[in-house]
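Encoded as structure tokens, the structure appears first; notes follow it.
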Amino acid sequence: MSCSKSSSSRTIRRIYVEEEAFGYAITSKVLEKYSDCDVVKIKNYKDVFNRTRQNFILQKKFPQLILAVKKDSFIYEGSAMCQSFGHKSYYYATLMVNCIFDCQYCFLQGMYNSSYIVCFVNVEDFAKEFARMESGSMVAISYETDFIAHHSIVPCMEYIYDYIKEAGWVTFEIRTKSANSLVLSKFKPVDNLILAYTLTPQKIIDSYETFTPNLDARIKAVNHALDMGFKVRVCFDPVFADEDYEDFFYYVFERIDGTRLYDIGYGFFRMPKEQFAKVFRTTKSVVFAKDYVEEDGVITYSEAMIHEASKRHLDIIGKHVDKEKIYIL
Amino acid sequence: MIYIHTALSIEASPLIDGFKLKKDMDVNEFQVFGNEDMMMIISGVGKVKSAMALSYLFGKYGVCEKDILLNIGYCGSSSDEVPLGMLMLANKVVDMDTGREYFPDLFLTGYRQRCISCFSNVVKRSTENTENIFVDMESAGVMEASYKFLYPHQTVIVKIVSDYLDDERKDVSFLKSLMTENLSNIEDIIKQAKEIAGMTKGLDMAEEYAMLERISENMRFTKGMMNLLRPNVRKAKIKGYDTIGILHGFLDRKSSSRIERKRVFDELLKKLK
Ligand code: SF4
């Protein structure tokens, strides 16, 4: 990913910068790196991000970056649709919003008006909130984005890593589909940081994901992170109950030693009803044409399908990973 | 449809000649010119007139996702280091009366992109500060209408530098030449904008929904039944089913009773699943 005036649409050509954001280190670093980009000064990121009638799908083809200062709500409580992985309280922080990858099933579509990538540059204000958190909490800091995948655009990890180390009583999760192991070489593993890799069958990657690394590359990244000493979580989420996963699970655990994993996340495709309806109006993706049911305002697979598929899947996963380490949603 | 907005006849006339547009004699409220795929309106000077003209145009002719809107006009530059005739596209428009900022989603390549400051009055360089700004009197009105009717990627604000905010009067032929010299750029901008708007093409359900309505009239489907059928037709089309063929088989069915209606409804739903 580069900032360029070339005709390739997958380049960030424009960076919107909030007036207030100019004074921050991340902003200077990004603007220095992308000095040939079109920089547009803005008063408030919402003037760009919250415009009505934006085309989320088209904007994915022409990603742009917004650098802004977050004023409040640095941490949100995780919803019932998120996994807490046994932590007594689960939160997420949106240092960045939106993602350079393009997954048809992504929960971010229908959630925001825009798919432009927002980076909040006042990392220290997030850190103040982390410092106030009670012991035993978990914060997903790559929740509405993919931190590691964006490292070459905005190196957030460089700015947040020391704060993670300082708040040793809080567990931080960085979820990713990126296979970029080079990023990790700059950081030492710390006890309260979990790298969570989402693994998906290659067939699903080919059918429903764009720009994400292939399965082998992700498996390699998992092993690399383990070798470096990081705590690694593997997430099988979302699982599509009507697709074939058995061979995939065998394939993964032939290549990853399950006993080295910190834990496993496992969950079926789910989306709030209103959000699903919003995406359904514009999508052409088969993901949204599957036979789901509505359960308490959430669109997902029927209980029978979930029961039947999870039994088969967990039988295989359970052979490689301690059952207590498998978190199911 | 390619919608073009200009404020002045002097801006419009090179475009009328270049694109071979004909005056629409049925429209009296504004001067409107067009051909099969282009329609141009001359609004008069100012953001209010611009917003009004575009609302008129969109209201009268309708607007869809494949349409694009270009505001083409002259702008002033506070710096005389910028050459006259330089073409730029607005990446931001500021309404200098309200301070409101507008952002077209500009995905075109190959052209300078600048912020346009939209004033209600004629601006003189001596009365403003020395910051290098580009000034016009319409763009905020165009963007206001655009935000109402279009997606932000459908609008392109094209400005050609015609003066340095000074008192020097430019003659008509010189001003026209600035526009004429940029005609090929404008053609390219239109081509790019059309391509981008074309990328958004969603699933065209018009034919299926029209057929479903006909079936519903014959069968007297309830609102609830239709609310269930519509998304299922869409899902079936996404899955690649021959939805037209399926619906065709139900076009001549008529319901004689509620039981028959329910039976046909279930049969259609089953075929779509
Ligand atoms: S990687 Fe995650 S956040 Fe990024 S597009 Fe895919 S689902 Fe969305």
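For region B:145-155, the criterion of being open to solvent by 30 Å² or more (accessible area, probe 1.4 Å), among the hydrophobic types (A, V, I, L, M, F, W, C), part of a helix (DSSP H, G or I) and modelled with pLDDT of 95 or more is met by at least one residue. Residues of region A:159-173 include none that is within 16 Å of the ligand (Cβ to nearest atom) and modelled with pLDDT under 95. Scanning region B:2-23 for residues that are part of a loop (DSSP other than H, G, I, E, B) and buried (at least 17 other Cβ atoms within 10 Å of the Cβ) gives B:Ala7, B:Phe19, B:Leu21. Taken over region B:157-181, the criterion of being more than 14 Å from chain A (Cβ to nearest Cβ) and hydrophobic (A, V, I, L, M, F, W, C) is satisfied by B:Val158, B:Ile160, B:Val161, B:Leu165, B:Val172, B:Phe174, B:Leu175, B:Leu178, B:Met179. Scanning region B:58-70 turns up no residue that is over 10 Å from the mean Cα position of the chain (by Cα) and open to solvent by less than 20 Å² (accessible area, probe 1.4 Å). Strands (runs of 3 or more DSSP E) fully within region A:65-151 that include at least 1 residues being open to solvent by 10 Å² or more (accessible area, probe 1.4 Å) and under 30 Å from A:Thr11 (Cα atoms): A:89-92.
Residue by residue, here is whether (1) more than 9 Å from the ligand (Cβ to nearest atom); (2) among the basic types (Lys, Arg); (3) away from chain B (no Cβ under 14 Å) holds:
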{"residue": "A:Tyr91", "(1), (2), (3)": "yes, no, yes"}
{"residue": "A:Thr94", "(1), (2), (3)": "yes, no, yes"}
{"residue": "A:Val97", "(1), (2), (3)": "yes, no, yes"}
{"residue": "A:Phe107", "(1), (2), (3)": "no, no, yes"}
{"residue": "A:Tyr112", "(1), (2), (3)": "yes, no, yes"}
{"residue": "A:Tyr116", "(1), (2), (3)": "yes, no, no"}
{"residue": "A:Phe120", "(1), (2), (3)": "yes, no, yes"}
{"residue": "A:Val123", "(1), (2), (3)": "yes, no, yes"}
{"residue": "A:Lys128", "(1), (2), (3)": "yes, yes, yes"}
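Looking across B:Asp266, B:Asp252, one residue alone is without any contact (Cβ under 8 Å) to a residue 24 or more places away in the chain, exposed (fewer than 13 other Cβ atoms within 10 Å of the Cβ), out of contact with any helix residue (DSSP H, G or I) (no Cβ under 7 Å at 6 or more places or on another chain) and more than 30 Å from B:Leu108 (Cα to Cα). It is B:Asp266.
For A:Asp227, the criteria (1) closer than 23 Å to A:Ile164 by Cβ; (2) outside any helix (DSSP H, G or I); (3) more than 13 Å from the ligand (Cβ to nearest atom) hold in every case but one, which is (2).
Please work out if A:Ile66 is within 28 Å of A:Met138 (Cα to Cα) and within 14 Å of another protein chain (Cβ to nearest Cβ). It is true that A:Ile66 is within 28 Å of A:Met138 (Cα to Cα) and within 14 Å of another protein chain (Cβ to nearest Cβ). Tally the residues that are open to solvent by 20 Å² or more (accessible area, probe 1.4 Å), within 15 Å of the ligand (Cβ to nearest atom) and either modelled with pLDDT of 95 or more or within 14 Å of chain B (Cβ to nearest Cβ) (or both), restricting the search to region A:176-207. Adding up the residues that qualify gives 4.
Has region B:108-126 got any residue that is within 14 Å of chain A (Cβ to nearest Cβ), among the basic types (Lys, Arg) and over 17 Å from B:Ser162 (Cβ atoms)? No.
Within region A:16-38, the set of residues being surrounded by fewer than 21 Cβ atoms within 10 Å (Cβ to Cβ), at pLDDT 95 or above and within 14 Å of chain B (Cβ to nearest Cβ) comprises just one member, A:Glu19.
Residues that are away from chain A (no Cβ under 14 Å) and touching a residue at least 24 places away in the same chain (Cβ under 8 Å) within region B:61-80 comprise B:Tyr61, B:Leu70, B:Asn71, B:Ile72, B:Gly73, B:Tyr74, B:Cys75, B:Gly76, B:Ser77, B:Ser78, B:Ser79, B:Asp80, listed in sequence order. Of all residues in region B:98-115, those that are farther than 21 Å from A:Arg53 by Cβ and either polar (S, T, N, Q) or in contact (Cβ under 8 Å) with a residue 24 or more places away in the chain (or both) total 7. With the condition kept exactly as written, say whether any residue in region A:266-278 is open to solvent by less than 60 Å² (accessible area, probe 1.4 Å) and hydroxyl-bearing (Ser, Thr, Tyr). Yes, region A:266-278 contains a residue that is open to solvent by less than 60 Å² (accessible area, probe 1.4 Å) and hydroxyl-bearing (Ser, Thr, Tyr).
Taking region B:127-152 as the range and being aliphatic (A, V, I, L, M) and within 13 Å of chain A (Cβ to nearest Cβ) as the test, the residues that pass are B:Ile133, B:Met143, B:Ala145, B:Leu150.
Take the conditions part of a helix (DSSP H, G or I), within 11 Å of another protein chain (Cβ to nearest Cβ), in contact with a helix residue (DSSP H, G or I) (Cβ under 8 Å, 6 or more places away or on another chain) and aliphatic (A, V, I, L, M) and apply them to B:Ala236. Does it pass? So B:Ala236 passes the test. Among the residues of region A:286-303, just one is facing chain B (nearest Cβ under 10 Å), touching a residue at least 60 places away in the same chain (Cβ under 8 Å) and open to solvent by 10 Å² or more (accessible area, probe 1.4 Å), namely A:Val286.
The values are calculated or read from the model by the stated rules, or taken from the named source; none is laboratory data. Computed from a prediction, not measured in an experiment: that's the story for all the values here. Virtual Cβ from ideal backbone geometry, glycine too; neighbours counted across all protein chains shown. Quick note on the areas: whole protein, heavy atoms, side chains included, nothing else; ligands and nucleic acids left out. Shrake-Rupley method; radii C 1.70, N 1.55, O 1.52, S 1.80 Å.
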